[in-house]
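K.L.:
I am attaching a structure below and will ask some questions about it afterwards.
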Amino acid sequence: MPATVIIGGQWGDEGKGRVVDYAAKNSNIIARYSAGTNAGHTIVNDLGKFSLHLIPAGIFYSDKKCLITHGVVIDPLKLLEEISMLENRNVDIRNLTISNRAHLIMPWHRIIDELEEKRRGVNAIGTTKTGTSPAFIDKVARSGIRIADLMDKEKFREKINTILKDKNDLITKYFDSEPLNEKLILQEYEEHAIGLLKFVGDTMSIVQEADSKGENILLEGAQGSLLDIDTGSYPYVTSAVPASIAAGACIGVGLGPKSISKVIGVFKSYQTRVGEGPMPTELKDSMGDKLRNQGLEDGTAEYGTTTGRPRRCGWFDGVLANYSAKLNGMDSIALTRLDTLSGFEEIKICTAYEIDGQIVNSPPATFDELNSSKAIYEDFAGWQEDVSEARQFNDLPKNAQIFINKIASLTDVPIDMISVGPKREQAIIVKKLFD
Ligand code: IMP
């Protein structure tokens with residue numbers, strides 16, 4: 001390969017987990033390189049259905065190395081819960097390594113996430129309240145605590161002692177809320193340190209060594225490009241650094257840009273968003289409800305993996321998809337959830353926006369402009385057939401083929417994989433993603 005990035009092209013929840021699960025077969029290493037417990041994917045395989053937030057979707061291949069790198073912020077309790085859940089379901093996790101440079105989500109991050117959202121009132125961002133963005137903010141403010149600090153009892157105590165004073169001042173004096181107890185935090189995190197110890201290592205050296213040997217490395221993105229702090233729908237974005245776009249993968253694992261040989265963008269066949277913020281193709285009517293609830297029977301309806309919130313649903317936004325394809329330098333697209341579109345009389349794709357009477361083909365920079373953008377649609381005849389058994393492009397109804405070809409032409413990127421259901425085998429490989 002050697003290094004391939006799998007990135008979400010929309011606002012997250014595109015189905016990256018199942019694409020990583022597929023691509024992991026051809027990889028020696030699978031590394032999750034950004035975000036925190038705010039992310040979540042669902043994977044369905046021979047062992048059942050799994051919801052993962054931190055551990056790479058490649059964990060189901062026991063012969064692959066799985067890494068959580070320094071680009072991720074880790075809530076140790078959530079990670080230990082995920083580890084035990086996998087162990088209890090007989091998944092071999094001995095090949096998991098977590099970076100000693102990764103930052104920790106601390107109890108004050110979760111509390112500040114909640115309090116900040118309350119303070120924002122009508123301007124709330126709709127965060128996941130997992131403490132993820134506050135942990136990234138502290139990382140950049142240079143007041144974060146890293147896994148390496150957690151492993152050094154004395155250093156950890158010193159850090160907590162200094163930082164907690166400031167955090168408690170913020171919590172009590174600014175937010176008028178209850179202070180956190182130092183002793184309880186120490187007790188809890190010292191237990192976490194024991195649980196995590198055997199997984200801690202230098203993930204950067206592992207990746208760099210594999211790269212120098214020409215091994216195949218899969219870099220697993222979290223969230224979606226439109227949630228990126230610089231290029232997303234600011235301020236309705238996440239605070240993760242490195243960026244939630246493909247370029248962030250190099251920073252998040254510690255590789256140079258020349259090591260990346262392929263970028264695979266994952267898009268849903270329609271648009272979803274959780275949390276607040278502009279969404280020009282949102283359907284606030286029964287059509288949106290239909291998109292959200294199509295998967296109720298098989299447990300794939302559009303409700304958040306992390307928070308359970310109903311996802312906002314709408315038609316595929318070709319303006320944002322083209323933007324995202326360029327932003328990430330996509331070589332290939334994996335289009336997911338085509339099966340959800342079966343049973344619609346008519347399907348739409350947004351091909352441009354109208355803003356103040358002007359037609360535009362790329363997203364505007366400001367919240368106000370994006371929020372007032374009127375989607376201009378191209379209409380497509382739908383299909384009634386169940387596509388979940390299709391395994392070749394030609395097995396798909398003609399109207400579905402026309403719809404897919406339009407997405408390829410709008411993004412100018414070939415659609416190489418199409419998923420038609422949650423199970424591993426429910427996919428059409430139009431062109432092999434790897435040689
Ligand atoms: P935060 O990352 O929890 O601060 O949330 C900021 C915004 O990103 C909110 O709109 C969240 O709903 C959204 N967000 C964060 N992680 C994900 C994800 O994995 N999928 C979809 N949306 C997400």
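The values are calculated or read from the model by the stated rules, or taken from the named source; none is laboratory data. As the structure is a computational prediction, the values presented were derived from the model and not from experiment. Neighbour counts are summed over all protein chains in view; Cβ atoms, including those assigned to glycine, are modelled from backbone coordinates with ideal geometry.
K.L.:
What tally of residues in the range 21-44 results from selecting those that are part of a loop (DSSP other than H, G, I, E, B) and of a type in the set (Ser, Thr, Tyr)? Spell out how you get there, then give the answer.
P.N.:
First pass over the range 21-44, keeping only residues part of a loop (DSSP other than H, G, I, E, B): 27-28, 33-40.
Next cut, of a type in the set (Ser, Thr, Tyr) only: 27, 33-34, 37.
Residues that pass the stated criteria total 4.
K.L.:
Which residues, counting only those in the range 15-29, are surrounded by fewer than 24 Cβ atoms within 10 Å (Cβ to Cβ) and within 15 Å of the ligand (Cβ to nearest atom)?
P.N.:
Once the filter is applied, which keeps residues that are surrounded by fewer than 24 Cβ atoms within 10 Å (Cβ to Cβ) and within 15 Å of the ligand (Cβ to nearest atom), the range 15-29 yields only GLY15.
K.L.:
Restricting the search to the range 394-425, which residues are over 26 Å from TYR323 (Cα atoms) and touching a strand residue (DSSP E or B) at 6+ places or on another chain (Cβ under 6 Å)?
P.N.:
Restricting attention to the range 394-425, the residues satisfying the condition of being over 26 Å from TYR323 (Cα atoms) are 394-398, 421-425.
Once the filter is applied, which keeps residues that are over 26 Å from TYR323 (Cα atoms) and touching a strand residue (DSSP E or B) at 6+ places or on another chain (Cβ under 6 Å), the range 394-425 yields PRO422, LYS423, ARG424.
K.L.:
Would you mind finding the one in ASP317, ASP298 that is more than 16 Å from the ligand (Cβ to nearest atom) and either acidic (Asp, Glu) or surrounded by 22 or more Cβ atoms within 10 Å (Cβ to Cβ) (or both)? Outline the logic, then answer.
P.N.:
Working: ASP317 fails: more than 16 Å from the ligand (Cβ to nearest atom).
The conditions single out ASP298.
K.L.:
As an exercise: evaluate ARG32 against (1) modelled with pLDDT of 95 or more; (2) within 16 Å of the ligand (Cβ to nearest atom); (3) surrounded by fewer than 24 Cβ atoms within 10 Å (Cβ to Cβ) and give the number of the one condition it does not meet.
P.N.:
Status for ARG32: all satisfied but (3).
K.L.:
Does the range 45-54 contain any residue that is within 16 Å of the ligand (Cβ to nearest atom), assigned to a loop (DSSP other than H, G, I, E, B) and of a type in the set (Ser, Thr, Tyr)?
P.N.:
No, because not a single residue in the range 45-54 is within 16 Å of the ligand (Cβ to nearest atom), assigned to a loop (DSSP other than H, G, I, E, B) and of a type in the set (Ser, Thr, Tyr).
K.L.:
Do you know which of the residues in the range 411-435 that are touching an Asp or Glu at 6+ places or on another chain (Cβ under 9 Å) and aliphatic (A, V, I, L, M) is nearest to ILE333 (Cα to Cα)?
P.N.:
So the residue we want is VAL413.
K.L.:
Continuing with this model, one more query. Given LEU335, LEU341, which one is under 18 Å from the mean Cα position of the chain (by Cα), more than 16 Å from the ligand (Cβ to nearest atom) and either within 27 Å of ILE55 (Cα to Cα) or surrounded by fewer than 24 Cβ atoms within 10 Å (Cβ to Cβ) (or both)? Explain how you work it out, then say what you get.
P.N.:
Values: LEU341 fails: under 18 Å from the mean Cα position of the chain (by Cα).
Among LEU335, LEU341, only LEU335 is under 18 Å from the mean Cα position of the chain (by Cα), more than 16 Å from the ligand (Cβ to nearest atom) and either within 27 Å of ILE55 (Cα to Cα) or surrounded by fewer than 24 Cβ atoms within 10 Å (Cβ to Cβ) (or both).
K.L.:
Within the range 194-214, is there a residue that is away from the ligand (no atom under 16 Å from the Cβ), basic (Lys, Arg), modelled with pLDDT of 95 or more and buried (at least 20 other Cβ atoms within 10 Å of the Cβ)? Steps first, answer last, please.
P.N.:
Here is the first cut: in the range 194-214, the residues away from the ligand (no atom under 16 Å from the Cβ) are 194-214.
Those still in the list that are basic (Lys, Arg) too: 198, 213.
Filter once more, keeping what is modelled with pLDDT of 95 or more: 198, 213.
Imposing the further condition that a residue be buried (at least 20 other Cβ atoms within 10 Å of the Cβ) reduces the set to none.
No, the range 194-214 has no match at all.
K.L.:
A further question follows. Only one of GLY58, GLY121, GLY126 is over 18 Å from LYS198 (Cα atoms) and in a loop (DSSP other than H, G, I, E, B). Can you tell me which? Please lay out each step first, then the result.
P.N.:
Working: GLY58 fails: in a loop (DSSP other than H, G, I, E, B); GLY121 fails: in a loop (DSSP other than H, G, I, E, B).
It is GLY126.
K.L.:
Report, by residue number, each residue of the range 262-290 that is away from the ligand (no atom under 16 Å from the Cβ) and not in a loop (DSSP other than H, G, I, E, B).
P.N.:
Correct list: LYS262, VAL263, ILE264, SER286, MET287, GLY288, ASP289, LYS290.
K.L.:
Sticking with this one: Counting only residues that are more than 11 Å from the ligand (Cβ to nearest atom) and not hydrophobic (A, V, I, L, M, F, W, C), which one in the range 1-14 is modelled with the lowest pLDDT?
P.N.:
First, pick out the residues of the range 1-14 that are more than 11 Å from the ligand (Cβ to nearest atom): 1-7, 9.
Those left that are additionally not hydrophobic (A, V, I, L, M, F, W, C): 2, 4, 9.
Working: PRO2: 87, THR4: 97, GLY9: 97.
Per the stated criteria, the residue is PRO2.
K.L.:
Right, something else. Which residues, counting only those in the range 66-84, are touching a residue at least 24 places away in the same chain (Cβ under 8 Å) and surrounded by fewer than 23 Cβ atoms within 10 Å (Cβ to Cβ)? Even if it seems obvious, please write down each step before you answer.
P.N.:
Within the range 66-84, the subset touching a residue at least 24 places away in the same chain (Cβ under 8 Å) is 66-80, 82-83.
PRO76, LEU77, LYS78, LEU80, GLU82, ILE83, listed by residue number.
K.L.:
How many residues are over 23 Å from ILE376 (Cβ atoms) and outside any loop (DSSP other than H, G, I, E, B) when one looks only at the range 291-305? Reasoning before the result, please.
P.N.:
Initial filter on the range 291-305 (over 23 Å from ILE376 (Cβ atoms)): 292-305.
Keeping just the survivors that are outside any loop (DSSP other than H, G, I, E, B) gives 292-293, 303.
The total comes to 3.
K.L.:
Can you tell me which condition SER342 does not meet? The list is (1) among the polar types (S, T, N, Q); (2) in contact with a Lys or Arg (Cβ under 7 Å, 6 or more places away or on another chain); (3) under 22 Å from PHE393 (Cα atoms), and all the others hold.
P.N.:
(2)
K.L.:
Of all residues in the range 181-205, which are under 11 Å from ILE98 (Cβ atoms) and aliphatic (A, V, I, L, M)?
P.N.:
LEU196, LEU197, VAL200
K.L.:
Would you pick out the residues in the range 239-261 that are over 26 Å from GLY308 (Cα atoms) and either within 13 Å of the ligand (Cβ to nearest atom) or β-branched (Val, Ile, Thr) (or both)?
P.N.:
ILE251, VAL253, ILE260
K.L.:
Here's something else I'd like to know. Considering only residues that are within 25 Å of VAL263 (Cβ to Cβ) and part of a strand (DSSP E or B), which ones fall in the range 333-351?
P.N.:
Answer for the range 333-351, where residues must be within 25 Å of VAL263 (Cβ to Cβ) and part of a strand (DSSP E or B): ILE333, ALA334, LEU335, THR336, ILE349, CYS350, THR351.
K.L.:
Restricting to the range 106-164, and then to whatever is within 16 Å of the ligand (Cβ to nearest atom), surrounded by 16 or more Cβ atoms within 10 Å (Cβ to Cβ) and among the β-branched types (Val, Ile, Thr), can you tell me which residue is farthest from GLY308 (Cα to Cα)?
P.N.:
ILE137
K.L.:
For VAL241, only one of the following conditions fails: (1) at pLDDT below 95; (2) outside any loop (DSSP other than H, G, I, E, B); (3) β-branched (Val, Ile, Thr). What is its number?
P.N.:
(2)
K.L.:
Could you tell me how many of the residues in the range 383-426 are of a type outside the set (A, V, I, L, M, F, W, C) and assigned to a helix (DSSP H, G or I)? Break it down into steps so the answer makes sense when it comes.
P.N.:
We begin by selecting, within the range 383-426, every residue of a type outside the set (A, V, I, L, M, F, W, C); these are 384-386, 388-389, 391-392, 394-395, 397-399, 401, 405-406, 409, 411-412, 414, 416, 419, 421-426.
Checking the rest, the ones that are also assigned to a helix (DSSP H, G or I) come to 394-395, 398-399, 401, 405-406, 409, 411.
The total comes to 9.
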